[in-house]
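**Student:** Before anything else, here's the structure in question.
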Amino acid sequence: MATLNAAIRDDSKKSIAKQLRREGQIPAVVYGKGVEENESIAVNAGEVSKAFRKEGRNAIITLNLSDDKKYTVMAHELQFNNLKGTIQHIDFLAINVNEAIDAVVPVELKGTETVEVGEVVVNNQLSELTVRSLPKNLPAAIELDVSGLHVGDSIRISEIKPAGDYTILGEPEDVVVSVSYSSKVADTTPETEATNQAEPAAPEEKPAE
């Protein structure tokens with residue numbers, strides 16, 4: 001379990017958030033189990049990155065606000081700077097480790113290099129999936145081996161076997177990954193070429209006399 005130290009922040013001024021980011025802090029809020037009122041806080045950006053690298057996006061975190069106030073939390077929602085890719089804001093959800101929760105987990109594809117030969121492409125149509133489990137059983141990622149797929153093949157939610165004690169939520173028939181030819185090749189299939197050849201050429205206009 002990761003540990004983060006947090007400081008209460010004054011969110012009455014909009015400029016505070018920008019100042020915190022300049023100082024290497026991330027504005028955040030904590031709510032959920034045991035939190036009477038949402039608390040505006042700030043956490044160190046470097047410590048957050050270290051915790052996520054070590055234990056994953058769904059790391060269970062002990063959030064220390066003071067000597068006598070701490071929460072067991074998860075990062076429920078992250079807001080990013082689209083240009084820099086840095087975390088701009090975090091919603092920390094206080095949890096009960098003995099109660100199941102829903103969380104978003106990234107999908108990681110394995111074996112794409114053996115499939116993507118020539119004009120064949122692997123389409124990662126759902127890059128994230130929602131799972132339900134006890135916090136300790138949440139996977140860091142859902143790995144899918146696509147090395148045995150061919151053009152026209154796909155993997156649906158119903159076909160994924162969880163590698164741990166969790167349930168994958170969502171529509172069973174939703175396609176997570178598929179294999180196809182690139183759009184350029186698809187536009188020049190034999191059927192398309194035959195259709196183009198069968199179309200009569202447009203008649204030339206005669207100049208007005």
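**Student:** Name the pairs: first residue in the stretch 50-69 and among the small types (Gly, Ala, Ser), second residue exposed (fewer than 13 other Cβ atoms within 10 Å of the Cβ) and assigned to a helix (DSSP H, G or I), Cβ to Cβ under 7 Å, at least 6 apart or on different chains?
**Tutor:** Close Cβ pairs satisfying both conditions: none exist.
**Student:** Moving to a separate point now. I'm trying to understand the selection: among the residues of the stretch 36-73, which are closer than 19 Å to residue 10 by Cβ and among the aromatic types (Phe, Trp, Tyr)?
**Tutor:** Across the stretch 36-73, there are no qualifying residues.
**Student:** Restricting to the stretch 63-95, name every residue that is among the acidic types (Asp, Glu) and touching a strand residue (DSSP E or B) at 6+ places or on another chain (Cβ under 8 Å).
**Tutor:** 77, 91
**Student:** For the stretch 102-132, give me each residue that is of a type in the set (Gly, Ala, Ser) and on the phi < 0 side of the Ramachandran plot.
**Tutor:** 103, 127, listed by residue number.
**Student:** Let me ask another. Please give the number of the condition residue 60 fails out of (1) under 30 Å from residue 159 (Cα atoms); (2) out of contact with any Pro (no Cβ under 6 Å at 6 or more places or on another chain).
**Tutor:** (2)
**Student:** Just the residues that are more than 18 Å from the chain's Cα centre (by Cα) and among the small types (Gly, Ala, Ser), please, taken from the stretch 106-135.
**Tutor:** 111, 118
**Student:** Looking at the stretch 1-20, which of its residues are under 26 Å from residue 96 (Cα atoms), without any contact (Cβ under 8 Å) to a residue 60 or more places away in the chain and buried (at least 17 other Cβ atoms within 10 Å of the Cβ)?
**Tutor:** Applying the first criterion (under 26 Å from residue 96 (Cα atoms)) to the stretch 1-20 yields 1-9.
Now restrict to residues that are without any contact (Cβ under 8 Å) to a residue 60 or more places away in the chain: 5-9.
Matches in the stretch 1-20: 6, 9.
**Student:** On to the next question. Exactly one condition in (1) over 19 Å from the mean Cα position of the chain (by Cα); (2) at pLDDT below 95; (3) of a type outside the set (Asp, Glu) is not met by residue 138; state its number.
**Tutor:** Going through the list (1) over 19 Å from the mean Cα position of the chain (by Cα); (2) at pLDDT below 95; (3) of a type outside the set (Asp, Glu), residue 138 breaks only (1).
**Student:** For the stretch 45-70, which positions are surrounded by 13 or more Cβ atoms within 10 Å (Cβ to Cβ), in a helix (DSSP H, G or I), modelled with pLDDT of 90 or more and more than 15 Å from the chain's Cα centre (by Cα)?
**Tutor:** 45, 47, 48, 49, 50, 51, listed by residue number.
**Student:** While we're here: Could you check, for the stretch 119-139, whether at least one of its residues is among the small types (Gly, Ala, Ser) and closer than 22 Å to residue 28 by Cβ?
**Tutor:** No, there is no match, as no residue in the stretch 119-139 is among the small types (Gly, Ala, Ser) and closer than 22 Å to residue 28 by Cβ.
**Student:** Let me ask you something else. Only one residue in 127, 154 is in contact (Cβ under 8 Å) with a residue 24 or more places away in the chain and among the hydroxyl-bearing types (Ser, Thr, Tyr). Which one?
**Tutor:** Only one candidate passes the filter, namely 154.
**Student:** Has the stretch 21-37 got at least one residue that is open to solvent by 30 Å² or more (accessible area, probe 1.4 Å), farther than 24 Å from residue 167 by Cα and assigned to a strand (DSSP E or B)?
**Tutor:** Yes, some residue in the stretch 21-37 is open to solvent by 30 Å² or more (accessible area, probe 1.4 Å), farther than 24 Å from residue 167 by Cα and assigned to a strand (DSSP E or B).
The values are calculated or read from the model by the stated rules, or taken from the named source; none is laboratory data. Please read these numbers as outputs of a predicted model, since none were measured by experiment. Backbone-built Cβ (ideal geometry, glycine too); neighbour counts: all protein chains shown. For accessibility, only protein heavy atoms count, side chains too; no ligands or nucleic acids. Shrake-Rupley method; radii C 1.70, N 1.55, O 1.52, S 1.80 Å.
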